[in-house]
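The values are calculated or read from the model by the stated rules, or taken from the named source; none is laboratory data. Computed from a predicted model, the values in this text were never measured in an experiment. Positions of Cβ are generated from backbone atoms using ideal geometry, with glycine treated the same way; all protein chains shown enter the neighbour counts.
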């Protein structure tokens, strides 16, 4: 019996979602020429003028009926830019690139090296955008966080939902 054969959630869902999101946001960052790092990933960033750091909260799992699950996921991209006297808009340009990567739908696949990781389709993350529930792509600027290195930071956050059937 595999994890998806019983009535509980599949223990691979968080990993597949994060692997898919990592690949998705990396493609957007790479196309813009900005390095993307995963939260906690070791990196040497002293020479980088701009960078993104991806983190995920969730998924929060709810079985809403027999074998029907709703997963709520939050993605956050920390945007970091070095201040420049020749381009005062640098942080805002990077934030715009990160925000544009929060697409209305992201297909999730079984990425990985395990037996169940056959690259097949799992489901679709749907971007939540609802004024009443305050769900939207949110941008927050933290300003200059380090006077010596002239470092500015901002974040871009989006919430997604995925509905999965386990039977």
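Return the only residue of 105, 98 being surrounded by 16 or more Cβ atoms within 10 Å (Cβ to Cβ) and touching a residue at least 12 places away in the same chain (Cβ under 8 Å). Give the derivation first.
Values: 105 fails: surrounded by 16 or more Cβ atoms within 10 Å (Cβ to Cβ).
98 is the lone residue from the list that is surrounded by 16 or more Cβ atoms within 10 Å (Cβ to Cβ) and touching a residue at least 12 places away in the same chain (Cβ under 8 Å).
Being outside any strand (DSSP E or B) and surrounded by 12 or more Cβ atoms within 10 Å (Cβ to Cβ) is the filter here, so list the residues in the stretch 152-167 that pass it. Quick ask: steps written out before the conclusion?
Let us first name the residues in the stretch 152-167 that are outside any strand (DSSP E or B), namely 166-167.
Within the stretch 152-167, 166 is the sole residue that qualifies.
Quick check on the stretch 121-151: of everything there that is assigned to a loop (DSSP other than H, G, I, E, B) and surrounded by fewer than 10 Cβ atoms within 10 Å (Cβ to Cβ), which residue is modelled with the highest pLDDT?
Among residues in the stretch 121-151 that are assigned to a loop (DSSP other than H, G, I, E, B) and surrounded by fewer than 10 Cβ atoms within 10 Å (Cβ to Cβ), the one modelled with the highest pLDDT is 148.
Name every residue in the stretch 64-95 that is assigned to a loop (DSSP other than H, G, I, E, B) and either free of Cβ contacts under 8 Å to residues at least 60 places away in the same chain or over 13 Å from residue 143 (Cα atoms) (or both), in order of residue number.
66, 67, 84, 85, 86, 87, 88, 89
Checking the structure you have, find out if any residue of the stretch 141-158 is closer than 20 Å to residue 71 by Cα and in contact (Cβ under 8 Å) with a residue 40 or more places away in the chain.
Yes, some residue in the stretch 141-158 is closer than 20 Å to residue 71 by Cα and in contact (Cβ under 8 Å) with a residue 40 or more places away in the chain.
Of the residues that sit in the stretch 5-49 and are buried (at least 18 other Cβ atoms within 10 Å of the Cβ) and over 24 Å from residue 104 (Cβ atoms), which one is modelled with the lowest pLDDT?
Among those that are buried (at least 18 other Cβ atoms within 10 Å of the Cβ) and over 24 Å from residue 104 (Cβ atoms), it is 9.
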